[in-house]
Amino acid sequence: MVFDLKAATRTPPKVVKVRVRRYNPETGSSWWQEYEVETYRGMTVLDALLRVKAERDHSLVFRYSCRMGVCGSCGLVVNRRPRLACQTQIAEVASEGRPVVELEPLYNFRVLRDLVTDFTEFFGKHRAVKPYIMRRDVREREEPTLEYSQTLDELAEYYEYSLCISCGLCDAACPVYASDPNFLGPQALTQAYRYVADTRDELWEERLRFLDVEGSIFKCHFAASCSAVCPKMVDPAGAIQRLRSTLLKYKIRLYRKTRIAKVVPPMEKREPPKPLPPEATLVEGVDLKLIEEEKPVIPVEKLLTT
Amino acid sequence: MKAGTIALIQYVTAILMILLVSWHVADRIPWLHGVENLPSTMSPEIIYDEVERFWPLLILLSIAVVIHGVNGLRGMLLEWAGSNERLRFAVNILSILAIIALLLVAIHTIVGLPELG
Amino acid sequence: MERGKFRFASNRLGVMASFYPWIIDIKGNPERVAFTLHRLTGVILVGFIALHIVSTNTPARAGWEAWVEEVQRLSGVNLVSILFFIAMGALVFHSLNGIRLLLVELLALGIGRPEKPKPPYIPPSLKGYQRTLIYVVFILSLVIWALMGYVIFLM
Amino acid sequence: MSGVESVEHDVVIVGSGIAGLRAAVEIKRVYGEKVSVGVISKVQLMRSHSVAAEGGTAAVLYREEGDSFSLHAWDTVKGSDFLADQDVVWLMVKLAPEEMRLLEHWGIPWSRRPDGRIAQRAFGGHSFNRALYAADKTGFYEMQTLYNKLLEYDGWERYDEWFVTNINIEEGEFRGLYALNPRDGNIYLFKAKAAIIATGGAGRIYNFTTYSHSVTGDGLAMAFRAGLPLKDMEFVQFHPTGLVPSGILISEAARGEGGYLLNSKGERFMARYAPQRMELAPRDIVSRAMMTEIMEGRGFKDPVSGLEYVLLDLRHLGEDKINEKLPAIREIALKHAGIDPVEEPIPVRPVAHYTMGGIHTDTYYRALDVEGRWIKGLFVAGEAAAASIHGANRLGSNSTTECLVSGRIAGMLAAEYALRVKEARGPSRERSLAEEDWVYKLVRRESGTPSYQIRRELQETMDTRFYVFREGDSMRGGALKIIKLREAMRREGYVEDKSRVYNTDLILAIETLNMLDVALVVTKSAIARTESRGAHYRFDYPRRDDSSWLKHTLAIRYGEDDVSLSYEPVRITTWKPTERKY
């Protein structure tokens, strides 16, 4: 999301009206409820909600956890724009002229109660794109000798897309996701591209082939709302365009992944180990060199039978 | 058909159309034909001449345009159909029928063009 | 493991999201407007093409006289010519924006390179040259459309 | 309600942070379909507090360049103020490098050197550049990698947002646990052959803390209620740099990359306290230095919250270096305090950051009772465990390493144990009904004190009386206060929301009960330890006292509002305790 530094550092209006679209699953009724909240400079939407819950209405339900913008729990719609409650300053969304903060549950998700939405489908779609490294050298992958080599340029190719915190804001903003329940959605597709672009992934062809279906990348038509609302600057719109371009080139045999990461060679230069400081006094009879070279053993049999 | 193949067709027809449609539209510019207004560029003589000389291009244009258009609409209808399999099937069948019907009309236009009286 | 006794509500925006961009706050997102217009003009054009193909069939079906008569309906300001004018506007925008989309979607051009986030956190695809192209498309469409209007209505 | 529905798995994992996920991945990748796993988490998977770890993960990666296991072990032991059990430290140090390479093979974007190898950087208390990092979102990437890796496998079930209320231990054996399903408000019994508790620490007993709102010490409290001993709970680490006023962590990487700490006179005051390491001295030393500066009047005061602070200055690093190495810190300062570190220094003060203590375990993360017998089928991993790697003070970047290593060991042992046991034994029916009653009696009450008020008072008490500097009388006052709050919560704790779906009001009330349990143990253990060691610093006993206090505290439940303390010797296998100086 384009970050408006000036708006965020302003002082918000003294009192704002927090309007919440609530929903009760036991009766199936939905209504708007309004709370007045006193603000201070630096107050976020989450702070306001927490204050309402603690002091005004204990039955208001919303998700939150880390309050520092990395866990992705608190995605909701603030004044008709999907945002993270914890990193949206009241001052950004309310002004003296319109001291109102309208909160709705994330669009395009099922509402469970008040501002809490159902992420089952979302996580399922994330899983459907196989978001993990696939390799032919399975043995090396599970019993590593050394690390796979990856240069800074190769890292930069996918790094941006790996920042995704699965908050669901992109899917809430996407116009295609809104009308087509089969669409995988920007979040899942971005993760698919993150692994296509990663040099460590070897079975990219398989990934491209199963993405070549209805409801996948070809439903995207670059409304770019996903990138516009992404709180972590993941740029799903860019990723999907690259993924589509890659897939189409691959279909007409113009694309091959040229660089597949290999395990780095063992290090040649040898330096003597840095000595321990003089105050490290050993217990009598201990040979540090021996312990240093010892392999760690876990006596499973003994542990589980006693 | 694979979704990627359909998408490729959509893009290829798009490229074709950018060329063909601009030609097709440009041909209606009155000054090119030295006439006063738009309807005059569509006089039987000009049209007949055009079809005689460029009929393969016109056929190509109509194929591209019909496929691109109907397929585009199909995409939107499929979104609306969601996961209702019967609706999806109906949309796909109707699209194919629409493409065939429109192409038949277009071909008839060219094949059945009467001699200038 | 859910029991049936609770009702959970769908919050999908539905087809409206495609045709009414302001259903969400789209500040800093002209791509969304272009997307909506592209869809809208697409629908208009499908209708126009169907009609166009049927109407150009007139000479083959009913002879040249009928054709001349039909063409004459386009002169002056009337329902047919106004609809034709709208279709032409749709055509211009759809083609120009289509060129931009071909660059972006087919060739992944104009959307910048992946980069690490830094303030003020503008995603690469929103600051690539496709953004400039959007404004070019909007302005150029209007200019060409106006010219077409001159040809259709004023000559 | 006719009894409690039950769910059965071979292994249940409570908590889905790095340790919990690592355990699940270990079971799935080695034992595959043979062992079914249930992952229960009070938040959605991928949202645990582990995502907030920023700085790095320590491991000896390149011994060719002069690092050695001995050095890493020594740094850890010295950092712990010699309270660490040295055999566990060795185990962690030895297993760490493979964990790093496994993660690398599974897709984590470690920051790299230009030649394609993994980059490492300096970290407080480590005498070698051995902290691996992925920009400054290391914990987040480890979570993401493990979570994505887990998605590769079948035969496991996720229980997102299910809130575990109690674990059941009968006859020295794990016999199932209870969890509240938020979608229908029912309590389910989880029967399993083995369980792994990986619920993390208890930092939310403080208000000024770096922890997520979800870290309320639930696992520790459950174990405490089940009669298990909690070890070394008096040791709560204070990170030197928490953003004022929200408490959001400003990673140690900020100082690792060369940030200065300044007092109100503009001096780099660390020169007086740790002339060699300066800002990179261990956390407890930096925290105390900052508090000394503030108490001697060389700090600033925040007008809104009333918190006093010093400044962390990054301006000399320049915009490019900040954007390259510390993007998250700049983002946090901008979005949560409206401060651009490129132009202004950041206000910081010590903040509750890590619970060194936890559920008593042995070297291999098996949960033990107070006599040292294994509770069959029960394992503990991550921050919730106190195998005692961190002793009295944790070294930066050792926590994620421990989470990975302990997750692996616990996962492996739990799966092996599950394969050896024929069937999962559950509790008696009466026990299950009692559980329903325990949870819903809060909802049935018609009036009383809301849990928010009690929680706030608890946090205030902890913030003022159990902070960086502690003192006997003040702590005793705090303990009395906490006992009063416990009584208030028991007698008149009130849940206004009567709904069955997503009743977060109820969950907050149970959390408050848990927090009070943990706080009680912290206060009692802290009052008893009459010395200063690592993170536990007392004005009235400012010296370390090895002759009487080189031992672990074990606290078990005793009556309603008391704990009984016993002590266990530290396992010193390699190095003798010496004075700790930097």
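Observations on the structure shown:
- Any hit, region C:72-83, residues being surrounded by 15 or more Cβ atoms within 10 Å (Cβ to Cβ) and not in a helix (DSSP H, G or I): yes
- When restricted to residues that are more than 21 Å from residue D:79 (Cα to Cα) and crowded, with 19+ Cβ neighbours inside 10 Å, region D:557-582 contains 2.
- Which numbered condition residue B:41 fails, given (1) surrounded by fewer than 16 Cβ atoms within 10 Å (Cβ to Cβ); (2) over 30 Å from residue B:96 (Cβ atoms): (1)
- Residue match in region D:217-236 (condition: among the aromatic types (Phe, Trp, Tyr), part of a helix (DSSP H, G or I), surrounded by fewer than 24 Cβ atoms within 10 Å (Cβ to Cβ) and in contact (Cβ under 8 Å) with a residue 40 or more places away in the chain): yes
- Residue tally, condition open to solvent by 30 Å² or more (accessible area, probe 1.4 Å), polar (S, T, N, Q), assigned to a loop (DSSP other than H, G, I, E, B) and away from chain A (no Cβ under 14 Å), over region D:259-307: 1
- All conditions in (1) surrounded by fewer than 19 Cβ atoms within 10 Å (Cβ to Cβ); (2) away from chain D (no Cβ under 12 Å) hold for residue A:28, with the sole exception of (2).
- Residues satisfying the stated conditions in region D:80-95, i.e. crowded, with 23+ Cβ neighbours inside 10 Å and at the interface with chain A (Cβ under 10 Å from one of its Cβ atoms): D:86, D:90, D:91, D:92, D:93
- Segments classed as helices (runs of 4 or more DSSP H), wholly inside region A:190-301, with at least 1 members that are outside the structural domain of residue A:69 (by TED's automatic domain parsing), in contact with a Phe, Trp or Tyr (Cβ under 9 Å, 6 or more places away or on another chain) and acidic (Asp, Glu): A:204-211, A:288-293
- All positions within region D:521-547 that are of a type in the set (Gly, Ala, Ser) and touching a strand residue (DSSP E or B) at 6+ places or on another chain (Cβ under 9 Å): D:525, D:526, D:528, D:532, D:534, D:535
- Test result for residue C:32, of a type in the set (D, E, K, R) and at pLDDT 90 or above: yes
- Test for residue C:129: is it more than 18 Å from the chain's Cα centre (by Cα) and open to solvent by 40 Å² or more (accessible area, probe 1.4 Å): yes
- Summed over region B:3-28, the residues that are within 14 Å of chain A (Cβ to nearest Cβ), over 12 Å from the mean Cα position of the chain (by Cα) and either under 18 Å from residue B:99 (Cβ atoms) or open to solvent by less than 40 Å² (accessible area, probe 1.4 Å) (or both) give a count of 10.
Residues are listed down the side, and each one gets a yes or a no for (1) among the small types (Gly, Ala, Ser); (2) buried (at least 22 other Cβ atoms within 10 Å of the Cβ):
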| position | (1), (2) |
| --- | --- |
| D:506 | no, yes |
| D:509 | yes, yes |
| D:516 | no, yes |
| D:520 | no, yes |
| D:523 | no, yes |
| D:529 | no, yes |
| D:533 | no, yes |
| D:536 | no, yes |
| D:540 | no, no |
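- Leading residue by the ranking (farthest from residue D:105 (Cα to Cα)) among those in region A:91-144 that are small (Gly, Ala, Ser) and surrounded by fewer than 21 Cβ atoms within 10 Å (Cβ to Cβ): A:97
- If the condition is being assigned to a loop (DSSP other than H, G, I, E, B) and touching a residue at least 24 places away in the same chain (Cβ under 8 Å), then region D:153-171 contributes D:153, D:154, D:155, D:161, D:162.
- Of the residues making up region D:319-342, just one is under 24 Å from residue A:92 (Cα atoms), open to solvent by 10 Å² or more (accessible area, probe 1.4 Å) and either more than 9 Å from every other protein chain (Cβ to nearest Cβ) or polar (S, T, N, Q) (or both), namely D:323.
- When each of D:533, D:491, D:476, D:543 is tested for being modelled with pLDDT of 95 or more and away from chain A (no Cβ under 14 Å), the lone residue that passes is D:476.
- Candidate set: region A:248-264, residues that are within 12 Å of another protein chain (Cβ to nearest Cβ) and touching a residue at least 40 places away in the same chain (Cβ under 8 Å); chosen: the one farthest from residue A:137 (Cα to Cα): A:250
- Tabulated pairs, region B:1-30, first more than 28 Å from residue C:150 (Cβ to Cβ), second aromatic (Phe, Trp, Tyr) and open to solvent by 40 Å² or more (accessible area, probe 1.4 Å), C-beta under 9 angstrom, 6+ apart or interchain: B:4/A:250
The values are calculated or read from the model by the stated rules, or taken from the named source; none is laboratory data. None of the values given here were measured: they were computed from a predicted structure. With ideal geometry, Cβ positions are generated from the backbone for all residues, glycine too; neighbour counts draw on all protein chains shown. We work out accessible area using only protein heavy atoms, side chains counted, and drop any ligands, DNA or RNA first. Shrake-Rupley method; radii C 1.70, N 1.55, O 1.52, S 1.80 Å.
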